[in-house]
Amino acid sequence: MSAAHPYVEEVTMGTDPTPRRGPSRRQVLGGVAGLAVTAGAVSAYARYHFQHPDPGTPHDDFTAPTGGYRFERRRTPARTVVRAADGRVLATFTDGARTALLTGPTRTWSEPRTTSAVVRSNAWVRLMPDGWRAGHEHTRWFREWFPKALAGRRPDVIGTAFQYGDGAPDRRTASGLRYAGKAHFGPRVAGQSPWSFHYRDEKSDFYDYLGTPWTFPDGTRKDPEKARYGDVDCSGFMRLVWGYRMGYPMHATNTAGIGLPRRAYAIADRAPGVLLIPNTGRPPADISLLQPGDLVFFAIDIGRPHGIDHCGIYLGPDDQGHPRFYSSRSKANGPTMGDLAGRARLDGDGFYAQGLRMARRL
């Protein structure tokens, strides 16, 4: 596998929906929009073998099958696990979170330039139109949405994130706007050592990467900086993937608001969803609650006033069983799952493992 091809998809992805300049109702429902498939796609999906164990805690109760699926309620966190008739886990929906963890064809993620690690996973992460709660399986929207989401092959959250990594090709709208392709972290800062966290400047948000203005729901308009075109820092990358591409709401500040705030510490403290791992000021003793798509937060730059200064997306275990994450980083100069300036693992005594503080499920 060459460095020019950072990952291998074992299924063919569909065409990306055209990105939108401002948040619309369709953006807010981005987890649903664009998932339309033919009836034949559902039956074709059954040809794949699924295996996604959910050890969890014993379920509280059992809901009768709906549409051929079995629904189990589990605790810690409160969630609904969906099984096929033969017991295979097809999906997990966490109360209060819009994240849908679906089981699909296995994909392989790698980044040869920066790591020998490989992540092979059958996890597909999509967004529901609203936060999950017990009983949603009986609603009309779910009965219509779930089979389509399960069969859908458009890029999910993780697939979308890798469209900005090492060697990723440019993708453009019909009007020529580049909405995907290799991203960088930020401009160089004069006088800073290449080994410094501050060698490349932060402050590059998703609209800087795009090079186009953005107006938030409260009317705040942000204009991109020309020097930051194609750049996106760690929290800006989360907003690029979850907000701009997947349709999750965003706002312009670090205060409380609808959706994702700007900086990593603010996303950790104030983003919607479910707090899985609270910040105790130390690395968590147990990270077993994590599932692919969860946001992970770090305190790695000593002296930062807010403590949390980095964030990324949890990918799952690599081929050696080590939990690995994906984020935009200064040393790698962009999104990476690699090991430059510290192994991108969440276990052991490495740099990022010792800096891990929190986790959240959107």
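Counting only residues that are modelled with pLDDT of 95 or more and of a type in the set (Gly, Ala, Ser), which one in the range 239-258 is nearest to Lys182 (Cα to Cα)?
Only one residue fits best here, namely Gly243.
Restricting attention to the range 171-178, does a residue exist that is buried (at least 20 other Cβ atoms within 10 Å of the Cβ) and either touching a residue at least 40 places away in the same chain (Cβ under 8 Å) or under 29 Å from Asp339 (Cβ atoms) (or both)? Full working, then the answer.
Let us first name the residues in the range 171-178 that are buried (at least 20 other Cβ atoms within 10 Å of the Cβ), namely none.
Checked the range 171-178: no residue is buried (at least 20 other Cβ atoms within 10 Å of the Cβ) and either touching a residue at least 40 places away in the same chain (Cβ under 8 Å) or under 29 Å from Asp339 (Cβ atoms) (or both).
Please go through the range 234-291 and pick out each residue that is more than 15 Å from the chain's Cα centre (by Cα) and among the small types (Gly, Ala, Ser).
Selection gives Ala252, Ala256, Gly257, Ala266, Gly281, Ala285, Ser288.
Need the failing condition index for Pro323 against (1) crowded, with 24+ Cβ neighbours inside 10 Å; (2) closer than 20 Å to Ser121 by Cα; (3) touching a Phe, Trp or Tyr at 6+ places or on another chain (Cβ under 9 Å), just the number.
Going through (1) crowded, with 24+ Cβ neighbours inside 10 Å; (2) closer than 20 Å to Ser121 by Cα; (3) touching a Phe, Trp or Tyr at 6+ places or on another chain (Cβ under 9 Å) one by one, Pro323 breaks only (1).
When you go through Asp201, Asp218 one by one, which is the residue that is modelled with pLDDT under 95, assigned by TED's automatic domain parsing to the domain that holds Asp309 and in contact with a Lys or Arg (Cβ under 8 Å, 6 or more places away or on another chain)?
Asp201
Hey, can you tell me all the residues within the range 340-362 that are farther than 16 Å from Cys234 by Cα, of a type outside the set (A, V, I, L, M, F, W, C) and touching a Ser or Thr at 6+ places or on another chain (Cβ under 9 Å)?
The answer is Arg343, Arg361.
Take the range 312-355 and flag every residue that is of a type outside the set (D, E, K, R), within 18 Å of Pro284 (Cα to Cα) and within 17 Å of the chain's Cα centre (by Cα).
Gly312, Ile313, Tyr314, Leu315, Gly316, Pro317, Pro323, Phe325, Ala344, Leu346
All but one of (1) within 30 Å of Pro261 (Cβ to Cβ); (2) modelled with pLDDT under 95; (3) not polar (S, T, N, Q) hold for Arg113; state the number of the condition that does not hold.
Checking Arg113 against (1) within 30 Å of Pro261 (Cβ to Cβ); (2) modelled with pLDDT under 95; (3) not polar (S, T, N, Q), the one that fails is (1).
I'd like the full set of residues that are hydroxyl-bearing (Ser, Thr, Tyr) and in contact with a Pro (Cβ under 6 Å, 6 or more places away or on another chain), limited to the range 134-172.
Tyr164
For the range 244-282, what are the residues that are in contact (Cβ under 8 Å) with a residue 60 or more places away in the chain and assigned to a helix (DSSP H, G or I)?
If the condition is that a residue be in contact (Cβ under 8 Å) with a residue 60 or more places away in the chain and assigned to a helix (DSSP H, G or I), then Tyr244, Arg245, Ile267, Ala268 are the ones that fit.
Limited to the range 168-190, what total is found for residues that are among the small types (Gly, Ala, Ser) and either modelled with pLDDT under 95 or in a helix (DSSP H, G or I) (or both)?
Here the count works out to 2.
So, in the range 204-238, exactly how many residues are closer than 15 Å to Leu177 by Cβ and part of a helix (DSSP H, G or I)?
The qualifying residues number 5.
Mind checking which residues of the range 90-120 are touching a Lys or Arg at 6+ places or on another chain (Cβ under 7 Å), buried (at least 19 other Cβ atoms within 10 Å of the Cβ) and under 23 Å from Asp286 (Cα atoms)?
Residues satisfying the conditions are Thr92, Phe93, Thr94, Ala97, Thr99, Ala100, Ala117, Val119.
Can you tell me how many residues within the range 143-166 are within 19 Å of the chain's Cα centre (by Cα) and either farther than 14 Å from Trp124 by Cα or of a type outside the set (A, V, I, L, M, F, W, C) (or both)?
Total satisfying the criteria: 11.
The values are calculated or read from the model by the stated rules, or taken from the named source; none is laboratory data. All values reported here derive from a predicted model rather than from experimental measurement. Heads up, the Cβs are rebuilt from the backbone with ideal geometry, glycines too, and the neighbour counts pull from every protein chain shown.
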